[in-house]
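Right, one structure below, let's go through it.
The values are calculated or read from the model by the stated rules, or taken from the named source; none is laboratory data. Just so we're clear, the structure is a prediction, and the values are computed from it rather than from any experiment. Positions of Cβ are backbone-derived with ideal geometry, glycine not excepted, and every protein chain shown enters the neighbour counts. The protein model used for the area step is the full one, side chains on, heavy atoms only, and it has no ligands, DNA or RNA in it. Shrake-Rupley method; radii C 1.70, N 1.55, O 1.52, S 1.80 Å.
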Amino acid sequence: MKTSKFDAWIKRILATEDEEISCSDCFDLLSEYVDMEITHGPVRENHLKVEQHLIQCQVCREEYEILHSLAQMDAEEVVSPQDE
Amino acid sequence: MQCQSTQPPKMVYLYRRYHVGFRSRSPGSRPGLDDIILSMSNHRSNEEWLRDLGSSGESQSTAIEDLRNALLRAALYTFQGQLGSLAQFSQLEIQQLAEDCAQEALVSILKHLPEFRGESKFLTWAYKFAVNIGLTTARREQWKGMSLDDPEDFPIYSHWPLEEDLSKFDPELAVMRSEIWEVLRAIIQNDLTEKQRLVLKWMVFDDVPMDVVVQHLDTNRNAVYKLLHDARAKLKQALLSRGIGISETMDLFGTQG
């Protein structure tokens, strides 16, 4: 294990909450959370629980990152290839 | 609905760049790039998606086809970031895999449609099914053929988990890390259940994706997450009881990691 990974693991251990939402709950809330971020909508209590879960759960975090990219691209709509 | 733009959207460009053979369409063939562009120009509202998907006849079949194309796009985009996991597949096979994921996602979405509460855009809600299925598929393909029980593939971790020479780090930090690890090692060996210890070892030390662990244990994500959460809670309590809290570690480790 790399030292940086070890340090990150310690931080995740210390960030553990007594009550954390499950992966299923995170999945249910994820699209709402992503659209809230993209539209800068109001942050609700459930969103904070999603944030906490994403800190701890790598598979859900990876899904969040891809979903956020897709939704962001939809929001931006047409971008020409020359802009890349 | 006609595409109003003369230039393809960014996502389609990525799609085209990766799937260069996916542009033309003859009758009876798979959906082509033009169909994907058309689907992207289709800006249904949430209410229109629900109305069309719940209707019958042509409006329903058009909506389903548009949704399938959007899911295919999401699956292909998901796979673009997983090419290392799918290295054994040809582009054509990846395309087929994406179509399978899109179809599975479509079936799941239609089943769960009554649960859509309209608290996000419909397509954002729908994409997550394709992303979830796509990522799970890619992870399992990457780990296919490896047994988590094989000690040659997954040797039991040694006493010290850090690969680097600690002498190159600040001595105070090295001592702190060493003390923390000794606390954690004692808890892992003595206080965790066998299942917690195994899951922790696979996921934290061996970088095995959760979906592979889920498959191996024939369980679900929630159960594995609970095992990890309970293990973390025990480890946290042990650190706090030794006076090692967030502020102490932040002071020492800074913001790295």
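Filter the trypsin sites (Lys or Arg not before Pro) in region A:1-83 to those in DSSP coil with at most 12 other Cβ atoms within 10 Å of their Cβ, and list the result.
Filter output for region A:1-83: A:K2.
Can you compute the modelled spin-label distance between B:A87 and B:N46, with each label point 7 Å from Cα toward Cβ, in nm?
Inter-label distance under the simple model: 4.3 nm.
Specify whether the C-alpha gyration tensor of region A:38-80 places it in the rounded, prolate or oblate class, a ≥ b ≥ c being the square roots of the eigenvalues: rounded for a/c under 1.5, otherwise prolate if a/b is larger than b/c and oblate if not.
oblate
For B:A223, put the label point 7 Å out on the Cα→Cβ axis and report which residues of region B:198-217 keep their amide N under 20 Å from it.
B:198-204, B:208-217
Counting only C-alpha contacts under 8 Å and six or more residues apart, can you give the relative contact order of region B:51-128 as a whole percent? Don't skip to the answer; put the middle values down first.
Values: 39 pairs, mean separation 24.6, N = 78.
Relative contact order comes out at 32 percent.
³J(HN,Hα) across region B:190-199 via Karplus (A = 6.51, B = -1.76, C = 1.60, θ = phi - 60°), whole Hz, x for Gly/Pro?
10, 10, 7, 6, 4, 5, 4, 5, 5, 5
Tell me the angle of helix A:23-39 to the major Cα principal axis of chain A, expressed in degrees between 0 and 90 and rounded to the nearest ten.
The angle comes out at about 40 degrees.
Round to the nearest 0.05 the FRET efficiency obtained for A:K5 and B:S147 when R0 = 30 Å and r is the Cβ-Cβ distance.
0.80
For the pair A and B, how large is the buried accessible area, both sides, in square angstrom to the nearest 100, if the probe is 1.4 Å?
So the buried area, both faces added, is about 5200 Å².
Express the relative contact order of chain A as a whole percentage, based on alpha carbon pairs under 8 Å and six or more residues apart in sequence.
Once normalised by length, the contact order is 31 percent.
Starting from the Cα-Cα distance between B:T193 and B:I246, subtract it from 0.36 nm times their residue separation and give me the gain in nm to one decimal. Working shown, then result.
Numbers: separation 53, 0.36 × 53 = 19.08 nm, distance 2.54 nm.
Extra length available between B:T193 and B:I246 comes to 16.5 nm.
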